[in-house]
Every structure is written in structure tokens, then in C-alpha cells.
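**Student:** Once you've had a glance at the structure underneath, I'll fire off some questions.
Every number here is computed from the coordinates shown, using simple stated rules; none is lab data. Keep in mind that what you see is a predicted model, and the values were worked out from it rather than measured. For neighbour counting, all protein chains shown are included, and Cβ atoms are generated from backbone atoms with ideal geometry for every residue, glycine included.
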Amino acid sequence: MLLITCPWCGVRSQTEFSYGGEAHIVRPLDTDAMNDAEWGDYVFMRKNSKGRHLEQWNHAMGCRRWFNAERDTVTYRIKSVYKVGEKAPGAAE
């Protein structure tokens, strides 16, 4: 069983959480100016990295808040969690 630390509630079982996909995806400002290929990239294309991955989680069976997690996709180990709006661990200043 995977244990996930909610920034507000503490350590909980993974069954309390919902996965929200890759973190730090920014919606384009001018979507009317985008062509179909650019829109398709924004909507469907995500990283499929091996190792460090930044992703969103929702504590659906708890406080219902969203947060980000840094997880290793090989070991499933969650290295850190941080609130939405905070910088990712190891991000440039």
C-alpha cells in the first residue's frame, strides 16, 4: 500500500486520494490563436518520464484539497509533497 502525506492532514492511505495527472501544466492564454495541433498537444500530450515526476493529487476522502507531489515512477516512492502555487522541489529560483 502506498502512503501519501497530505500537506494539511498528514500521512494517509492511497485509497483516500485521487490522481490528477501531471503538475504544472499551464493553460494557454490565447486559445483562439492556437491551431489544432497546438491544442491537441496541450490537451493530450504529457511526459512519460522514468524517475522523477511532478504530479497532482486530490485528498478526495479527506480535506478535498489539491496538492502536488514529487514521485519516482520506478519505485513509486513519493519524495515530497507541496501545496499548489509553491515551487517544485529543485526548481530554479
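**Student:** Give all pairs with beta carbons closer than 6 Å in which a residue from the stretch 55-68 that is free of Cβ contacts under 8 Å to residues at least 40 places away in the same chain meets a residue that is of a type in the set (A, V, I, L, M) and surrounded by 18 or more Cβ atoms within 10 Å (Cβ to Cβ); count only pairs at least 6 apart in sequence or on separate chains.
**Tutor:** Hits for this filter: Glu55/Ala23; Glu55/Ala69; Gln56/Ala23.
**Student:** Ok, one more. Only strands (runs of 3 or more DSSP E) wholly contained in the chain count here; list those with 1 or more residues that are of a type in the set (Ser, Thr, Tyr).
**Tutor:** Because the criterion is at least 1 residues that are of a type in the set (Ser, Thr, Tyr), the strands (runs of 3 or more DSSP E) in the chain that meet it are 3-6, 10-13, 18-22, 78-83.
**Student:** Go through the stretch 38-93 and give me each residue that's polar (S, T, N, Q), under 15 Å from His24 (Cα atoms) and loosely packed, with under 15 Cβ neighbours inside 10 Å.
**Tutor:** Scanning the stretch 38-93 gives Asn48, Ser49.
**Student:** Looking at Ser13, is it within 12 Å of the chain's Cα centre (by Cα) and closer than 22 Å to Met1 by Cβ?
**Tutor:** So Ser13 fails the test.
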